[in-house]
Amino acid sequence: MIFLTTFVSPKAKVDHVFFEGSICILGESVIGEGSLIGDGCIIGYPVRSSVKKLINEGKASLTLYDSISSGSILGRNCIVRSGTIIYESVKVGDRLETGHNVLIREKTIIGNHVRIGTGSILDGDVIVKDNVNIQSSVYIPPKCIIGSDVFIGPRVCFTNDKYPPSSRLQGVIVENGAVLGANSTLISGIIIGENSVVAAGAVVTRDVPPNVVVAGVPARIICNVSDYLEKRRIWESS
């Protein structure tokens, strides 16, 4: 969709919201006060099936998109940077902060104080709890669940299909406090245990217990989190 002027649905609630430039707010979207919506952002984009139906009927316009969108809900004091697209049926808590060109698809639920880096994709039906830091270019497919206080490094790739393309999808579960290093890959169906650490570049093919560090291809336990934290303390103080 290309638009040159701001479009805000008459059904939307956007009081005390700052618009950086040309934006598009569709359906019964609600954006909390004190939020900033960047230039070129779309909030409440209709799901694929609805858009295809309009195309098959030879129709496509902002007014029609607005009529079929259920909208999305964003909390207070969110910063949604330019180029971000949030589909309909997304629920976001307070203080979301996105980088540029982020995609958040339908039925995703995001808690409070979550950061999502530039170019990252939450591909629908994803749960992200509070205080999660997702760095740039991360891919999270449907049915994945991210616990609170999780750090996800750049270009981490989650998967949800063990034998693609199959009809059985099973997401990855990341429990509270886990750290996922850059470029790591998580295979469908695994559980990353609470406070565990996945090293950069690791390919995780089986469950990771709580409070351990795993590395390698395939990933194996290399030490306890207490050892990792001590190395981090020494590194930070040197």
Q: Would you confirm whether any residue within the range 201-218 is under 30 Å from Lys91 (Cα atoms), surrounded by 17 or more Cβ atoms within 10 Å (Cβ to Cβ) and among the charged types (D, E, K, R)?
A: no
**Q.** Qualifying positions in the range 31-65 - farther than 15 Å from Ile85 by Cα and either among the small types (Gly, Ala, Ser) or modelled with pLDDT of 95 or more (or both)
**A.** Gly32, Glu33, Gly34, Ser35, Ser49, Ser50, Gly58, Ala60, Ser61
Q) Does the range 82-94 contain at least one residue that is among the aromatic types (Phe, Trp, Tyr) and within 11 Å of the chain's Cα centre (by Cα)? A) no
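Residues checked against (1) closer than 30 Å to Pro46 by Cα; (2) among the hydroxyl-bearing types (Ser, Thr, Tyr):
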{"residue": "Ile127", "(1), (2)": "yes, no"}
{"residue": "Ser166", "(1), (2)": "yes, yes"}
{"residue": "Gly193", "(1), (2)": "no, no"}
{"residue": "Val208", "(1), (2)": "no, no"}
{"residue": "Asn211", "(1), (2)": "no, no"}
{"residue": "Ala215", "(1), (2)": "no, no"}
{"residue": "Asn224", "(1), (2)": "no, no"}
{"residue": "Arg232", "(1), (2)": "no, no"}
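Let's see how each residue does on (1) over 24 Å from Lys129 (Cβ atoms); (2) part of a loop (DSSP other than H, G, I, E, B):
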| position | (1), (2) |
| --- | --- |
| Tyr163 | yes, yes |
| Ser166 | yes, yes |
| Asn183 | no, yes |
| Glu194 | no, yes |
| Ala200 | no, yes |
| Pro210 | no, yes |
| Val217 | yes, yes |
| Asp227 | yes, no |
(Q) Every residue in the range 1-41 that is assigned to a strand (DSSP E or B) and closer than 16 Å to Gly75 by Cα, please. (A) Lys13, Phe18, Phe19, Ile25, Val30, Ile31, Leu36, Ile37
Q: Could you list all residues from the range 43-74 that are within 20 Å of Val114 (Cβ to Cβ) and either buried (at least 23 other Cβ atoms within 10 Å of the Cβ) or more than 15 Å from the chain's Cα centre (by Cα) (or both)?
A: Ile43, Gly44, Tyr45, Gly71, Ser72, Leu74
Q: Hey, can you tell me all the residues within the range 135-153 that are open to solvent by less than 40 Å² (accessible area, probe 1.4 Å), free of Cβ contacts under 8 Å to residues at least 40 places away in the same chain and out of contact with any Pro (no Cβ under 9 Å at 6 or more places or on another chain)?
A: Ile140, Pro141, Pro142, Cys144, Ile146, Ser148, Val150, Ile152
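The values are calculated or read from the model by the stated rules, or taken from the named source; none is laboratory data. All values reported here derive from a predicted model rather than from experimental measurement. All Cβ positions, even for glycine, are placed from backbone atoms using ideal geometry, and neighbour counts span all protein chains on display. Ligands, DNA and RNA are excluded from the accessible area calculation, which covers all protein heavy atoms including side chains. Shrake-Rupley method; radii C 1.70, N 1.55, O 1.52, S 1.80 Å.
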